[in-house]
Amino acid sequence: MTINTDTFPVLETKRLVLRKVTNEDAKSILKYLSDDEVMKHYGLAPFKSIDDALDEISWYQSIQNNKTGIRWGITLKEQGIVLGSCGFHNMVSQHFRTEIGFELSKEQWGKGIALEAVEAIINYGYEHMNFQRIEALIEPPNRASQKLVEKLGFIREGLLRNYEFTNGKFDDLYMYSLLKQDLNNCI
């Protein structure tokens, strides 16, 4: 598994361009990550300031620099404004596995944008990053994300009880996985 820290892979789909997020995107990130509904299952409190958005962008850069992940900004081809993000984190190279994460501005929900973006990065991950296993950890009340990963062929493996402590409470998480050999059957 490799992440090139010199060049950032730009991915294109029918409607989207997935690109590197920069500090110039902080306002649009603040807009959707300050929304209570978007942040309900994100594991962080809704953002309050541009500094919160800049910290998020800094995290995106740090995981790429440390070769533990990569995060793409989701943009519509005709607009170029970041409407969400998706990517890989907690990469474990010796085991050829990673976790996937994604979020999208509420105004874009229900349009298939997240599905299109996540499908693109999954394909990229298997073709160019040599993953064998991609995991998704999703809170049980987050039915929309569960449906998305299930549509892409992820299998729910079980419930991780009190797996994370976020926003002052313990959260259970469903563990989903998609193996490289599953890809031919689903996507």
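Do you know which residues across segment 140-186 are part of a strand (DSSP E or B) and in contact with a Gly (Cβ under 6 Å, 6 or more places away or on another chain)?
Start the filter on segment 140-186 by keeping residues that are part of a strand (DSSP E or B), which leaves 155-166, 169-179.
Matches in segment 140-186: THR166, MET175, LEU178.
So which residues in segment 1-18 are modelled with pLDDT of 95 or more and open to solvent by less than 50 Å² (accessible area, probe 1.4 Å), if there are any at all?
Applying the first criterion (modelled with pLDDT of 95 or more) to segment 1-18 yields 9-18.
Selection gives PRO9, LEU11, THR13, LEU16, VAL17, LEU18.
Looking at segment 39-80, which of its residues are polar (S, T, N, Q), under 15 Å from ASN23 (Cβ atoms), touching a residue at least 12 places away in the same chain (Cβ under 8 Å) and surrounded by 13 or more Cβ atoms within 10 Å (Cβ to Cβ)?
GLN64
Output the residue which, of all residues in segment 81-107 that are surrounded by fewer than 23 Cβ atoms within 10 Å (Cβ to Cβ) and among the aromatic types (Phe, Trp, Tyr), is farthest from LEU18 (Cα to Cα).
Here the answer is PHE96.
Restricting to segment 59-76, and then to whatever is closer than 19 Å to GLY110 by Cβ and not polar (S, T, N, Q), can you tell me which residue is farthest from the chain's Cα centre (by Cα)?
Taking segment 59-76 and keeping what is closer than 19 Å to GLY110 by Cβ, we get 74-76.
Then drop every residue that is not not polar (S, T, N, Q), which leaves 74, 76.
Working: ILE74: 10, LEU76: 16 Å.
Among residues in segment 59-76 that are closer than 19 Å to GLY110 by Cβ and not polar (S, T, N, Q), the one farthest from the chain's Cα centre (by Cα) is LEU76.
Which one is nearest to GLY158 (Cα to Cα), of the residues in segment 113-137 that are open to solvent by less than 20 Å² (accessible area, probe 1.4 Å), among the aliphatic types (A, V, I, L, M) and not in a helix (DSSP H, G or I)?
ALA136
Could you tell me which numbered condition ARG19 fails, if it satisfies all but one of (1) of a type outside the set (A, V, I, L, M); (2) within 21 Å of LEU115 (Cα to Cα); (3) in contact with an Asp or Glu (Cβ under 9 Å, 6 or more places away or on another chain)?
(3)
Criterion first (among the charged types (D, E, K, R) and under 24 Å from PRO46 (Cα atoms)) does ASP182 satisfy it? Can you show your working first?
Values: among the charged types (D, E, K, R): yes; under 24 Å from PRO46 (Cα atoms): no.
Answer is no for this residue.
The values are calculated or read from the model by the stated rules, or taken from the named source; none is laboratory data. A quick note: this is a predicted structure, and the numbers were derived from the prediction, not measured. Please note: Cβ atoms are built from the backbone with ideal geometry, for glycine as well, and neighbour counts cover all protein chains shown. Side chains are part of the model used for accessible areas, which takes the heavy atoms of the whole protein and leaves out ligands, DNA and RNA. Shrake-Rupley method; radii C 1.70, N 1.55, O 1.52, S 1.80 Å.
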